[in-house]
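Novice: Okay, handing you the structure first.
Read-outs: derived from the displayed coordinates by stated rules, not from any lab. Source: prediction; values computed, not measured. Methodologically, a virtual Cβ is constructed for each residue, glycine included, from the backbone with ideal geometry; neighbour enumeration extends over all protein chains shown.
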Amino acid sequence: MANVLITGSNRGIGLELARAYAAAGDRVFACCRSPDGAESLKALASSSGGKVTVHAVDVGDGASIATLGKAVGDTPIDILINNAGVLGGHPQTLDSIDFDAWMDALKVMTIGPFRVVQTLLSNLKAASGAKIMTVTSQLAASTWPFGTTYAYSSAKAGVNKVMQTLALDLKGDGIAVSMIHPGWVKTDMGGPGADITPEESAAGIKSVIAGLSMADTGKFYKWNGDIHPW
Ligand SMILES: NC(=O)c1ccc[n+]([C@@H]2O[C@H](COP(=O)([O-])OP(=O)(O)OC[C@H]3O[C@@H](n4cnc5c(N)ncnc54)[C@H](OP(=O)(O)O)[C@@H]3O)[C@@H](O)[C@H]2O)c1
């Protein structure tokens with residue numbers, strides 16, 4: 001049984017990840033911005049016999065992450081999944097861009113995951129062979145050029161670099177750090193015309209995490225296990 005902490009787990013890919021780890025019998029720290037409105041997640045928690053607990057965290061807010069750290073206490077965390085994400089405003093074109101939304105995207109998707117790792121570092125070190133997986137996007141990759149999406153793409157490219165740097169810094173602690181493109185997924189973000197379901201994406205991400213070793217630290221994956229060139 002692993003202790004798994006997932007951000008943004010009230011809907012979309014994060015909710016399916018919480019369901020998948022709960023179904024496997026793992027202990028899930030399911031984090032979301034607003035537990036009050038997280039009905040599906042609360043239903044999962046109440047049917048889990050205490051294996052799933054719901055925790056409030058806004059990953060764009062340092063004080064909120066610090067509060068999460070206190071709630072987790074000294075529990076070892078085997079798997080941390082930085083999943084929370086935002087689009088960063090719409091449209092994101094050269095002539096029409098919302099700079100506040102861009103800043104929020106950087107806070108939530110680039111700086112937030114770093115802060116979560118920093119806050120939970122002692123918990124990750126307390127586990128044996130902890131793994132950190134950050135859900136990024138193919139839009140992070142220089143090999144996948146795509147017009148517009150300035151805010152989203154820069155935030156995801158930034159977090160890839162943050163995670164690559166963490167992979168180097170945490171090598172000595174035996175903590176594997178990787179990034180993953182979850183596919184184009186039928187969620188609120190991906191829309192109904194996307195390629196795969198949240199269940200398929202979550203199953204793929206879970207399988208990639210299961211196979212991670214220190215030999216893989218710093219690698220960027222696709223949800224199907226392929227390496228993503230970036
Ligand atoms: N769907 C795709 O095709 C696709 C493709 C590439 C990458 N991704 C990435 O996959 C991850 C999951 O996306 P999704 O498709 O499941 O999107 P989604 O359905 O829109 O869910 C986004 C999740 O992130 C949470 N979140 C947003 N801002 C937050 C904050 N400040 N603090 C904590 N949680 C916050 C949301 O919570 P609230 O309900 O409170 O807003 C929600 O739980 C994201 O990182 C996204 O960028 C998705």
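Novice: Once fully extended, how much extra length lies between Thr67 and Leu168, figured as 0.36 nm per residue of separation less the alpha-carbon to alpha-carbon distance?
Specialist: 33.6 nm
Novice: Let me have the relative contact order for the chain, percent, based on Cα pairs under 8 Å that are six or more residues apart.
Specialist: 18
Novice: Are any of the pairs Lys70/Lys219; Lys51/Lys206; Lys156/Lys219; Lys161/Lys186; Lys70/Lys125; Lys70/Lys186 more than 24 Å apart by Cα-Cα distance, and if so, which?
Specialist: Pairs exceeding 24 Å: Lys70/Lys219; Lys161/Lys186; Lys70/Lys186.
Novice: Moving to a separate point now. Around Ala18, what is the net charge, scoring Lys/Arg as +1 and Asp/Glu as -1 over all other residues with Cβ under 13 Å from its Cβ?
Specialist: Net of charged neighbours comes to +3.
Novice: Compute the relative contact order of the range 30-146 as a whole-number percentage, counting only Cα pairs closer than 8 Å that sit 6 or more residues apart in sequence.
Specialist: Computed value for the range 30-146: 27 percent relative contact order.
Novice: Related question: Go through Val52, His228, Met103 and say which Cα lies farthest out towards the positive end of the charge dipole of the chain; charges sit on Cβ, +1 for Lys and Arg, -1 for Asp and Glu.
Specialist: Farthest along the dipole direction, towards plus: Val52.
Novice: Related question: Can you tally the net charge around Val4? Count Lys and Arg as +1, Asp and Glu as -1, for every other residue whose Cβ sits under 9 Å from the Cβ of Val4.
Specialist: Result for the local shell: -1.
Novice: Using helices alone, what [θ] at 222 nm do you get for the chain, with -39,500 (n - 2.57) per DSSP H run of 4 or more residues, divided over all residues and rounded to the nearest 500?
Specialist: -11500 deg cm²/dmol
Novice: Given an 8 Å cut-off on Cα distances and at least 6 residues of separation, report the relative contact order of the range 166-230 as a percent.
Specialist: Here the relative contact order equals 38 percent.
Novice: Moving on. By how many nm would the segment from Thr197 to Leu87 grow when fully extended, if each residue of separation counts as 0.36 nm and the alpha-carbon distance is taken off?
Specialist: Between Thr197 and Leu87, full extension yields an extra 37.7 nm.
Novice: Where a ≥ b ≥ c are the square roots of the eigenvalues of the C-alpha gyration tensor, would you call the range 3-222 rounded, which needs a/c under 1.5, or, failing that, prolate if a/b is larger than b/c, or oblate?
Specialist: Rounded is the answer for the range 3-222, as its axis ratio a/c remains below 1.5.
Novice: Neighbour counts of other C-beta atoms within 10 Å: give me Tyr221, Tyr150, Tyr21 arranged from fewest to most.
Specialist: Arranged by neighbour count, lowest to highest, Tyr221, Tyr150, Tyr21 become Tyr150, Tyr221, Tyr21.
Novice: Grab the Cα-Cα distance for Ser40 and Asp100, subtract it from 0.36 nm times how many residues apart they are, and report the gain in nm with one decimal.
Specialist: 18.6 nm
Novice: Then there is this: Separation of the range 1-76 and the range 111-130 by C-alpha centroid, Å?
Specialist: So the two Cα centres are separated by 15 Å.
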